[in-house]
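The values are calculated or read from the model by the stated rules, or taken from the named source; none is laboratory data. None of these values were measured; they are calculated from a predicted model. With ideal geometry, Cβ positions are generated from the backbone for all residues, glycine too; neighbour counts draw on all protein chains shown.
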Amino acid sequence: MGVTREVAEFVAELKYSDLSPHLIQRTKDHILDQLGIQIGVSRKPWLKLAVDYVMTQGNKPESSIACCREKVSAENAAFVNGTYGHGFEMDDVYAPALAHPGPAVVPAALAIAERDGCSGEDFLLAVVAGYEVMGRCGYALSPSQLYRGFHPTSAAGPLGSVTATGKLMGLDADTMVHALAVSASFCSGVTECYKSGGEVKRYHGGIGAQGGIRAAMLAKMGLTGPSTVLEGPLGMRAFSDTYTPEVITDGLGERFVVADIWTKKYSCNGMIHAPVDGIEAIRARRPFGAADIERIDVGSNQHAVNEVGSIRLPKDMFGFQFSMNYALALQVVKGSNDFDAYIEENLRDPQIVSLAEFIFTDTDEEVQSWFPETLGARVTIKFKDGSVEEELIRDCRGSPGNPITAEELETKARNIASMSMTADKFQGIIDAVRGVDTMPNARKLGDLLRD
């Protein structure tokens, strides 16, 4: 049996009873994390274009947009909510794939569940299936796709979205083969933004979410695609020089991606998280300030050196969130890399700008050996008094090897959602997510998202 066929049969046959209580709880955590982000960042100025765009499209009132009164088509709701969900570098990560499944899968699944009146149990199962396929296919592509300039969240996102939405639409295995194949033609997204800027990368979650819905609907209507898209030489393999399709089916149905998701603690690129933890660990045993530091050296993986290590003088908020030296200077000077620390005032802060000149990133052989499954770092601080402190972080906070608690995740969701929604109203969303598997109709969750 080919890889594409095996995946399609797995998705078609997956049942809610196949999920352990632990997997169900973890999936609820990921849904809550994603909805909190969507709500919180919905007022960011660079994301307003997304909702303005869909309002020009002549929508059927099918599905909800976070913090918006009007309903729009399911495709457009998924696009906007997925864009919100990826729009401020707080969304979850499946490290082996170097991808963010939350903004591609959750908005798409909720849009279709709301449109079609699916049960909360079916919605949750679809999210599990979407994370599974996106995570495994992203892992098969990784890390070469990044080196070639593709962004995994939009390059693999439609595969996760089509899986979740196809599951909710009741596609059988034969039709799911075609849905996966069609979605591959929507896989896209490049990363030149790391070199010359632009806000389009923030839209990649929405692009992935929307593309999968479109593919599932087209396949259901009869559009066909190549039945070997996941294993053939000119299918998904074309995105990567090191494609390993065997990881897509290895342990399929035995180990689930939702159990190994990293919940981001900081509002910055994921390769910066371990270095931030290293700064915090050193400061916990030896208090210091910016004036005490001669230089900071970060040992990381080669991709981090090329990406976040190369943005030495960020010019905008996107660059700020993707700059290793500015992020660590922010941590030293302000003691925070939370979403509310990434503001224009801090980007221009003289202390941060000055300290950032003395923070450097290079490749560390041990840290490189963990990549991409683990995004660790070695942090070395040389102080002006001649002393040196070093901290090696393999598993950053929030990652599967060093997880945050459900209570900490809920606090994160509350805090970020508070930028756009009252605490009382968001409590209703928390309660709904915690009980989503008993919800007869997922439209209730969609209704709670709106203003």
Q) Which residues, counting only those in region 1-41, are more than 30 Å from Pro233 (Cβ to Cβ), of a type outside the set (D, E, K, R) and over 16 Å from the mean Cα position of the chain (by Cα)? A) Tyr16, Ser17, Leu19, Ser20, Pro21, His22, Leu23, Ile24, Gln25
(Q) Here are the criteria: (1) out of contact with any His (no Cβ under 6 Å at 6 or more places or on another chain); (2) crowded, with 23+ Cβ neighbours inside 10 Å; (3) within 25 Å of Gly435 (Cα to Cα). Tell me which single one Asp91 does not satisfy. (A) (1)
Q: For region 55-72, indicate whether the set of residues that are assigned to a helix (DSSP H, G or I) and in the same structural domain as Gly160 (by TED's automatic domain parsing) is non-empty.
A: no
**Q.** Test for Ile381: is it in the same structural domain as Asn301 (by TED's automatic domain parsing) and modelled with pLDDT of 95 or more
**A.** yes
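Would you call Phe79 outside any loop (DSSP other than H, G, I, E, B), closer than 21 Å to Ala259 by Cα and of a type in the set (Phe, Trp, Tyr)?
Answer is no for this residue.
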Q: Considering each residue of region 117-156, count those that are surrounded by fewer than 24 Cβ atoms within 10 Å (Cβ to Cβ) and over 28 Å from His22 (Cβ atoms), and give that number.
A: 8
Q) In the set Tyr243, Tyr203, which member is assigned to a helix (DSSP H, G or I) and of a type in the set (Phe, Trp, Tyr)? A) Tyr203
(Q) For region 286-309: of the residues being assigned to a loop (DSSP other than H, G, I, E, B) and of a type in the set (D, E, K, R), which is surrounded by the most Cβ atoms within 10 Å (Cβ to Cβ)? (A) Glu307
Q. Within region 172-189, can one find any residue that is over 18 Å from Glu6 (Cα atoms), surrounded by fewer than 21 Cβ atoms within 10 Å (Cβ to Cβ) and touching a strand residue (DSSP E or B) at 6+ places or on another chain (Cβ under 9 Å)?
A. yes
Q: Within region 206-240, track down each residue that is among the hydroxyl-bearing types (Ser, Thr, Tyr) and either assigned to a helix (DSSP H, G or I) or under 16 Å from Cys137 (Cβ atoms) (or both).
A: Ser227, Thr228, Ser240
(Q) Considering only region 420-433, I want to know if a residue exists there that is in a loop (DSSP other than H, G, I, E, B), modelled with pLDDT of 95 or more and touching a Ser or Thr at 6+ places or on another chain (Cβ under 6 Å). (A) yes
Q: Name, by its number, the condition in (1) out of contact with any Asp or Glu (no Cβ under 7 Å at 6 or more places or on another chain); (2) at pLDDT 95 or above; (3) assigned to a helix (DSSP H, G or I); (4) surrounded by 15 or more Cβ atoms within 10 Å (Cβ to Cβ) that does not hold for Arg312.
A: (3)
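Listed here are the residues, each with its yes/no results for (1) outside any helix (DSSP H, G or I); (2) crowded, with 22+ Cβ neighbours inside 10 Å.
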residue: Asp340; (1), (2): no, no
residue: Glu345; (1), (2): no, no
residue: Ile352; (1), (2): no, yes
residue: Asp362; (1), (2): yes, no
residue: Glu366; (1), (2): no, no
residue: Leu375; (1), (2): yes, yes
residue: Arg378; (1), (2): yes, no
residue: Lys382; (1), (2): yes, no
residue: Gly386; (1), (2): yes, no
Q: Examine region 21-43 for a residue that is in a helix (DSSP H, G or I), among the small types (Gly, Ala, Ser) and closer than 13 Å to Asp437 by Cβ, and state whether such a residue exists.
A: no
